[in-house]
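What follows is calculated from the coordinates using simple rules that are stated; it is not laboratory data. These numbers were taken from a predicted model, which means no experiment stands behind them. FYI the Cβ positions are ideal-geometry reconstructions off the backbone, even for glycines, and counts take in every protein chain you see.
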Amino acid sequence: MIRILIADDHAVVRQGIRQVLALAGQFEVAAEAKDGWELIEMLRDGGFDLLLTDMSMPGPSGVALLKRLREEHPGLPVLVLSMHGETQVAARALKAGANGYVTKDCDPNVLLSAVRKVARGDHFVSPDLAQRMVFETGVGGEAPPHESLSDREYEILLHLVKGERLSEIAGELHLSPKTISTHKMRIMQKLDLKSAAELVRYAIERGLVS
């Protein structure tokens, strides 16, 4: 049996994942974590063959969490299950150390295939997402302005274009509102934008939001 640690801050999502994995009969959900801190603590005890994790959780999360996991547990296969279907998010996750990336709206059979492949040391990306990543990589030309953003700035950008207030973003990322405000200013400068409306339009035109 492949022992899996599931990390997601929504209990209903964790339950759904359990049900999907039970269909295969070859996976054991050994533990569940509801935030980044709990995930890190559970991994210290070891005994897992694969980590199936969300990227947006309270506590350590996102690309920063993936980089930390790769440093502290280099041999642990990590499969990201995320609500974000944007190619840039997937690319950054894979670059940070994830072995696979699938979206939460994927077919259950796709998730099972991803778990099997990642558990045996291979890489996996949702087929539709992989196709878009290949196409966008092969287009050529100059890199778009948002690729100059740091991982943290890009993460905050995704929150901003969803209409979240600075205080809300600060709470989710466990940063101060002042820090979020500073990042926002840098994002606007790097993208040469003047307003929130321009930021949203930029994100939509470049496929950064679904």
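Tell me, TYR101, TYR202 in order of fewest to most beta-carbon neighbours within 10 Å?
Placing the least packed residue first, the sequence is TYR202, TYR101.
Place a point 7 Å from Cα of ASP45 in the direction of its Cβ. Which residues in segment 1-37 have their backbone N less than 11 Å from it?
Answer for segment 1-37: 30-33.
Sorted from largest down, what three extents in whole angstroms do the Cα atoms of segment 154-210 have along their principal axes?
Over segment 154-210, Cα extents along the principal axes are 29, 23, 15 Å.
Could you state the angle between the C-alpha long axis of helix 36-45 and the longest principal axis of the C-alpha atoms of the chain, as a value from 0 to 90 degrees rounded to the nearest 10?
It works out to around 30 degrees.
Students often get this wrong, so check it: of LYS117/LYS190; LYS34/LYS184; LYS67/LYS184; LYS117/LYS162; LYS104/LYS178; LYS67/LYS117, which have C-alpha atoms separated by over 30 Å?
LYS117/LYS190; LYS117/LYS162; LYS104/LYS178
Consider a paramagnetic label point 7 Å from the Cα of VAL110 along Cα→Cβ; state which residues of segment 189-210 have an amide N under 15 Å from it.
Those under the cut-off are 210.
If we restrict to alpha carbons, what Rg and Dmax does the chain come to, in Å?
In Å, with Rg to one decimal and Dmax whole: 17.4, 54.
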